[in-house]
Every structure is written in structure tokens, then in C-alpha cells.
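Please treat every number below as a calculation from the coordinates, not as lab data. None of the values given here were measured: they were computed from a predicted structure. Don't worry about glycine lacking a Cβ; one is built from the backbone with ideal geometry, like all the others, and counts go over all protein chains shown.
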């Protein structure tokens, strides 16, 4: 490979890596992506900065949970919350590009659930 071709190839690869890095940075999640009302087959969640209101379709009483904090890592939002004095967490991911769908990931706090904006 000639020097000029190598430099051109190297420069192109560097630009591509930089572009992907910038695109990843701008795609970082924040409270804006999860805040508000989300609906699922099981019920509806309304995310506030300090409270999650969970209404269930099966007659389970509405729960108002104290949110301790949110953590944003890559494509996942982890919500830390209190239930009967115990600190628990739930992870949400799979946010669509248009902000209309997401999923609660299966974990100790519950099953996987698909949500949409409502």
C-alpha cells in the first residue's frame, strides 16, 4: 500500500470512529426520556423525579413509590426506589428512537414489560 493510500485510509477510519463516538454521546439518556406516563398490558407508570405512581389493570391498589435516584448508563435507565423501607431498583431500556416505546428489564423487582407512551 502506498503512503498516500495508507494516510487516506487511516484518516477515513479516524473520522468514522470520531463520528460514531459523537453520535453515541448525543444519544445518552436523561430524565427527559423516561419522565411522564407510560402504559403496558399490566398497568401504567407515571415517572416523576421523586415519585413513581404505578396503576395496575388487575385491581391491585395503586402504588406511590418514593424514587431515590435515577442512573443513566449507556442505553439503560436504572431507577432506585423505596418499598416498605427497602431500597430496590428497576432497569428500563430498549428506548425507541422516536421516544414512544421502552421496556422494563426482567429483574428482582419484576418481569420484563413492554411500555408505550400514553
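The peptide list 32-39, 82-89, 107-114, put in order of mean Cβ contacts within 10 Å with the highest first, becomes 32-39, 107-114, 82-89.
Across segment 29-117, how large is the tail of the calculated P(r) beyond 16 Å, expressed as a percent of all Cα pairs?
51 percent
Working ranking of peptides 56-63, 74-81 by packing, defined as the average number of other Cβ atoms within 10 Å per residue, highest first, is 74-81, 56-63.
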